[in-house]
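Only one structure is covered here, and it is reproduced in the block below.
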Amino acid sequence: MTTLTDTGIGSMHISFYGAGSMAEAIARGLISEELVAPGKISMLNRSNAERLNELHGRYGVLTVQQGSSNESYLQEADIVFLAMKPKDAAEAIAAIAPLLSPKQLIVSVIAGLSIASLEKLLGSDMPIVRTMPNTSSSIGLGVTGISYSSNVTEQQRVITEAMFQSIGMNAVVEESLQDSVTGVSGSGPAYIYFIMEAMMRGASELGFDEATAKELVVQTVLGAAQMVKETGESPQELRRKVTSPNGTTQAAIEKMTELGLPDAIVQGMKRSTERAAEIGAAIGRSLEA
């Protein structure tokens with residue numbers, strides 16, 4: 001197995017085409033974990049100079065304002081992250097395709113854009129990685145689903161997984177499961193926020209002020225997640241331990257089950273997965289038009 005040291009990632013140049021929050025999260029992870037120096041990372045966008053100034057000032061990464069052009073940064077990169085918005089992706093990727101070559105590793109963080117669609121835009125000989133990070137990556141606690149095209153080498157796999165480990169954990173999956181990754185972890189943080197909203201509303205209705213309600217709920221959710229992680233026990237087993245027969249927790253769980261909470265969560269996850277597939281299909285159709 002190739003070690004990370006052997007890959008030479010520290011000497012590589014990485015270019016982000018798209019400079020939004022996910023690109024920033026990944027760049028910050030690479031820098032904070034000391035995988036790549038800021039001066040070897042370039043961040044590009046089409047027109048937002050203020051955003052580029054902000055990123056350079058915050059992290060020391062390079063932008064067009066440090067003297068080179070978008071074209072040069074892309075051509076000189078060993079790894080190119082495609083991080084533009086899905087609605088802009090096809091046009092933007094087609095525009096930069098002539099600047100790229102098969103010696104570069106292409107990493108997409110564009111939701112719904114398949115490897116086949118990327119190969120159509122870039123050429124089938126390009127090594128392409130399709131990823132689905134979630135928003136918790138911005139604090140180093142993300143989850144990323146990773147799928148590889150057939151042209152990605154073992155060394156490039158090691159590099160890819162190291163990069164995404166700098167912002168959390170990752171799971172290598174068959175590309176057919178990428179929509180399911182969206183339904184489980186891509187959209188997952190929002191499900192937890194949604195439940196927290198409801199718990200905070202319940203706390204308010206039970207007499208707590210807004211600040212106290214938030215504090216109680218946040219610490220409860222944080223503690224529960226940490227218990228699952230540290231004990232290694234399943235959520236089901238931990239719930240059983242908390243639920244005394246005919247007690248308060250059992251009464252709450254029975255009422256939530258009666259009102260359909262478990263099924264609603266499962267059906268919501270399935271609908272998120274379906275919607276991811278619909279978005280991907282729409283992108284694919286747009287390329288054929």
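The values are calculated or read from the model by the stated rules, or taken from the named source; none is laboratory data. Because the structure is predicted, anything quoted here is derived from the model rather than measured. Neighbour counts run over all protein chains shown; Cβ positions are idealised from the backbone, glycine included.
Mind checking which residues of segment 138-159 are out of contact with any Phe, Trp or Tyr (no Cβ under 8 Å at 6 or more places or on another chain), crowded, with 17+ Cβ neighbours inside 10 Å and hydroxyl-bearing (Ser, Thr, Tyr)?
Answer for segment 138-159, where residues must be out of contact with any Phe, Trp or Tyr (no Cβ under 8 Å at 6 or more places or on another chain), crowded, with 17+ Cβ neighbours inside 10 Å and hydroxyl-bearing (Ser, Thr, Tyr): Ser138, Ser147, Tyr148, Ser149.
Ala213: of a type in the set (Gly, Ala, Ser) and surrounded by fewer than 14 Cβ atoms within 10 Å (Cβ to Cβ), yes or no?
No.
Report, by residue number, each residue of segment 53-73 that is more than 25 Å from Gly168 (Cα to Cα) and surrounded by fewer than 20 Cβ atoms within 10 Å (Cβ to Cβ).
Selection gives Asn53, Val64, Gln65, Gln66, Gly67, Ser68, Ser69, Asn70, Glu71, Ser72.
Within segment 23-38, work out how many residues are touching a residue at least 40 places away in the same chain (Cβ under 8 Å) and in a loop (DSSP other than H, G, I, E, B).
Final tally of qualifying residues: 2.
Restricting the search to segment 39-52, which residues are in a helix (DSSP H, G or I) and surrounded by 12 or more Cβ atoms within 10 Å (Cβ to Cβ)?
If the condition is that a residue be in a helix (DSSP H, G or I) and surrounded by 12 or more Cβ atoms within 10 Å (Cβ to Cβ), then Lys40, Arg51, Leu52 are the ones that fit.
Arg130 versus (1) over 23 Å from Ala25 (Cα atoms); (2) crowded, with 20+ Cβ neighbours inside 10 Å: which is the lone unmet condition?
Unmet condition: (1).
If only one of Ala92, Ala19 is surrounded by 15 or more Cβ atoms within 10 Å (Cβ to Cβ) and out of contact with any helix residue (DSSP H, G or I) (no Cβ under 9 Å at 6 or more places or on another chain), which one is it?
Ala92
Quick check on this structure: which one of Leu113, Leu55 is part of a loop (DSSP other than H, G, I, E, B) and either within 15 Å of Phe16 (Cβ to Cβ) or within 18 Å of the chain's Cα centre (by Cα) (or both)?
Checking each option against the conditions leaves just Leu113.
Name every residue in segment 254-283 that is in contact with a helix residue (DSSP H, G or I) (Cβ under 8 Å, 6 or more places away or on another chain) and under 14 Å from Ile195 (Cβ atoms), in order of residue number.
Met256, Pro262, Ile265, Gly268, Met269
Given the condition small (Gly, Ala, Ser) and over 21 Å from Ala89 (Cα atoms), answer yes or no: does some residue in segment 108-125 qualify?
No: segment 108-125 contains no residue that is small (Gly, Ala, Ser) and over 21 Å from Ala89 (Cα atoms).
All but one of (1) at pLDDT below 95; (2) touching a Ser or Thr at 6+ places or on another chain (Cβ under 7 Å); (3) basic (Lys, Arg) hold for Arg130; which doesn't?
Every condition holds for Arg130 apart from (1).
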